[in-house]
Amino acid sequence: MRAAASRADVVDARHLPAEVFTGARYRLSRLQEPERDEILRCLTEPGTTMGQAARQLGMSRATLYRKTARYGIDVPGRTHRS
């Protein structure tokens, strides 16, 4: 009989690879991949807003919205502006 699952067994967005959240229409360059990954790392932190993520990344919120669109980033639970 298996013991009850511990809190460590929980998998959330931070544990998934970046490719799960992106719908990039082209192959990213070696410079774009780490940028995309860092944007995803910030956005998948629980409770982090776009404004907080932008400040943490050292960019404006508008730039962050443009980059998420460019990289096809779609983090579940986040709403996007139209």
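Descriptive notes on the structure:
- For ILE73, the residues whose modelled amide H falls within less than 5 Å of its own, excluding neighbours fewer than 5 places apart on the same chain, are GLY23.
- 3J(HN,Hα) couplings calculated from phi for the range 42-50 with the Karplus curve 6.51 cos²θ - 1.76 cosθ + 1.60 (θ = phi - 60°) are, in sequence order, 5, 6, 8, 5, x, x, 7, 8, 4 Hz; Gly and Pro show x.
- Summed residue charge, Cβ within 12 Å of GLU38's Cβ, Lys/Arg positive, Asp/Glu negative: -1
- Spin-label pair GLU33-ALA69: with each label point 7 Å from Cα along the Cα-Cβ axis, the two points sit 2.7 nm from one another.
Computed from the coordinates by the stated procedures, all read-outs in this text should not be read as laboratory data. Just so it is clear, the structure is predicted and the values come from calculations on it, not from any experiment. As a convention, Cβ positions derive from the backbone with ideal geometry for all residues, glycine included, and neighbour counts pool all protein chains shown.
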